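Down below is the structure, laid out as structure tokens.
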Amino acid sequence: MGGQKDEAAVAAGFIDARARVEFIAICLVGFFFSFTNNYSSLLAIVFERSGHSLPDAGLLLSLFAIPAILAALLSSAACARIGVLPTIRVAIFLTMIGMGSFAFTRESFWLSLLSRLVQGAGVGLFLPAAMVYSQSRINRKRFVYFITVFSAVVPLAAIAPPIGAWTLERYGFASLFAEAALPSALAIALTYALRMAQRPNNTGGLNLGAGLQRRLLLPYATVMIGGLLYGYSTSYLAADLHERTIALAAFFVPSSISLVAMRFAAMRVLAAVALPILVAASLGTYALGFALIALASGPLVMIAGALAYGIGNSIMLPVVAAWVVEGLEPQDRSGPQAVNISFFYFGLYATPWPIAHLIGAVGYVTTEWVIAAIAVAMMAVVLAFVMRPARAGA
């Protein structure tokens, strides 16, 4: 009976029958972790109400990038030395402590910075390790699709900020941060129902190993641009829509719907397409989305732009995550994932500063056209890479 269950699970894309349950569990872990981390969207309000100036609040928010990027680079070494699941637990614990401690540190700049740095270290460690674990539960049959499904749990946790805002207004700071920490406690508990994954090969140092190959420069550059494209929407689009008197829901609701629909439904079919082609398609739909956003003077065009943006966003990170480990055994994947997520975080967290200067110089709409052009240029580079083997064989 057990053998039949294993055969059915392998045919469905898992390594065995228990791995099916473990994959669902690691998705829930990712959801609960993201639920806690998404309370970060309320920190600007928290810092303002706690008496911090706007520049100080901005500094507290942006310095998060330093530990997040460094921890992502260290994640492979952590997985090799203490194991993948223990690294995930440490990451969740740090994020939970960092977020929960704001209940006590929010009024002090330096203590708030400490909380933010701890949170950033947890966030940086989590995604590469969680990617490695989720990939260890699946076989190559539906590899890209299941990576996409795992990545879909992060946007599902976008319900956290409205819940947190309701709690903040009615019950105050202490209840807000206690509520924020609770999902992470559940996530840690869930990890104890999982089997240990095979440790990555320990190559010493940062243990980046296979992640330092020249062939990976293109996917790394692509995912960094993906971080920039995603980061613009999280950092500046709300202010742009407010300035144009377009409801925020005209962008954020349809973009979330198209993202989730793509990852759960359409990618079941598209997963068979060559990975660089999917990445080029992601960049193309991103560019279309930003062009429509720049053109929008009302909700209808904005909704169309949001749908295109959501499609591009749904493809980028999970497909590049599959691209960088293509052909590698599970124990060799932690290095590429660590470097890949570091490049994504760099695009996400480091580029808002120069983008802010560009907005100050030319405005939101022109900046959106520039970003669309960057996406088109990167798409052209990826397509040139795809066409090169065909030309060589001609």
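The values are calculated or read from the model by the stated rules, or taken from the named source; none is laboratory data. As the structure is a computational prediction, the values presented were derived from the model and not from experiment. Because the Cβ atoms are built from the backbone with ideal geometry, glycine has one as well, and the counts that use them run over all protein chains shown.
Looking across region 101-116, the residues that are in a loop (DSSP other than H, G, I, E, B) and charged (D, E, K, R) come down to ARG106, GLU107. The sole residue among VAL29, VAL21 that is at pLDDT 90 or above, surrounded by fewer than 17 Cβ atoms within 10 Å (Cβ to Cβ) and not small (Gly, Ala, Ser) is VAL21. All of (1) in a loop (DSSP other than H, G, I, E, B); (2) over 30 Å from PRO200 (Cβ atoms) hold for LEU328 with one exception: (2).
Residue count for region 246-287 satisfying the condition of being hydroxyl-bearing (Ser, Thr, Tyr) and either closer than 28 Å to PRO162 by Cα or outside any helix (DSSP H, G or I) (or both): 4.
Among the residues of region 253-266, not a single one is in contact with a helix residue (DSSP H, G or I) (Cβ under 6 Å, 6 or more places away or on another chain), over 19 Å from VAL382 (Cβ atoms) and free of Cβ contacts under 8 Å to residues at least 40 places away in the same chain.
Considering each of PHE47, PHE35, PHE109 in turn, give the residue that is surrounded by fewer than 22 Cβ atoms within 10 Å (Cβ to Cβ), touching a residue at least 12 places away in the same chain (Cβ under 8 Å) and farther than 30 Å from ASP6 by Cα. None of the other options fit; the residue is PHE109.
What residue, among those in region 247-276 that are in contact with a Ser or Thr (Cβ under 6 Å, 6 or more places away or on another chain) and among the hydrophobic types (A, V, I, L, M, F, W, C), is surrounded by the fewest Cβ atoms within 10 Å (Cβ to Cβ)? If we take residues in region 247-276 being in contact with a Ser or Thr (Cβ under 6 Å, 6 or more places away or on another chain) and among the hydrophobic types (A, V, I, L, M, F, W, C), then MET262 is surrounded by the fewest Cβ atoms within 10 Å (Cβ to Cβ). Considering the conditions (1) without any contact (Cβ under 8 Å) to a residue 40 or more places away in the chain; (2) of a type outside the set (Lys, Arg); (3) in contact with a helix residue (DSSP H, G or I) (Cβ under 9 Å, 6 or more places away or on another chain), GLY226 is excluded by exactly one of them, (1). Among residues of region 124-180 being of a type in the set (S, T, N, Q) and touching a residue at least 60 places away in the same chain (Cβ under 8 Å), the one that is surrounded by the fewest Cβ atoms within 10 Å (Cβ to Cβ) is ASN139. Scanning region 33-57 for residues that are farther than 20 Å from LEU168 by Cβ and modelled with pLDDT of 85 or more yields a total of 1.
Taking the condition farther than 20 Å from VAL325 by Cβ and not charged (D, E, K, R), does ILE26 pass? No; evaluated as a whole, the condition is false for this residue. Would you please name the residue that is surrounded by the most Cβ atoms within 10 Å (Cβ to Cβ), looking only at residues in region 220-246 that are farther than 20 Å from LEU42 by Cβ and over 15 Å from the mean Cα position of the chain (by Cα)? Top of the filtered list is ASP240.
Taking region 3-98 and the helices (runs of 4 or more DSSP H) fully enclosed by it, the elements with 2 or more residues that are of a type outside the set (A, V, I, L, M, F, W, C) and more than 30 Å from PHE143 (Cβ to Cβ) are at 43-49, 54-62.
One line per residue, one yes/no per condition, for (1) modelled with pLDDT of 80 or more; (2) within 26 Å of GLY100 (Cβ to Cβ); (3) part of a helix (DSSP H, G or I); (4) out of contact with any His (no Cβ under 7 Å at 6 or more places or on another chain):
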{"site": "SER134", "(1), (2), (3), (4)": "yes, yes, yes, yes"}
{"site": "ARG142", "(1), (2), (3), (4)": "no, no, yes, yes"}
{"site": "PHE146", "(1), (2), (3), (4)": "yes, no, yes, yes"}
{"site": "ILE159", "(1), (2), (3), (4)": "no, yes, yes, yes"}
{"site": "ALA165", "(1), (2), (3), (4)": "yes, yes, yes, yes"}
{"site": "ALA174", "(1), (2), (3), (4)": "yes, yes, yes, yes"}
{"site": "ALA178", "(1), (2), (3), (4)": "yes, yes, yes, yes"}
{"site": "LEU182", "(1), (2), (3), (4)": "yes, yes, yes, yes"}
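Filtering region 331-341 to residues that are part of a helix (DSSP H, G or I) and in contact with a Pro (Cβ under 8 Å, 6 or more places away or on another chain) leaves GLN331, ASP332, SER334, GLY335, GLN337, ALA338, ASN340, ILE341.
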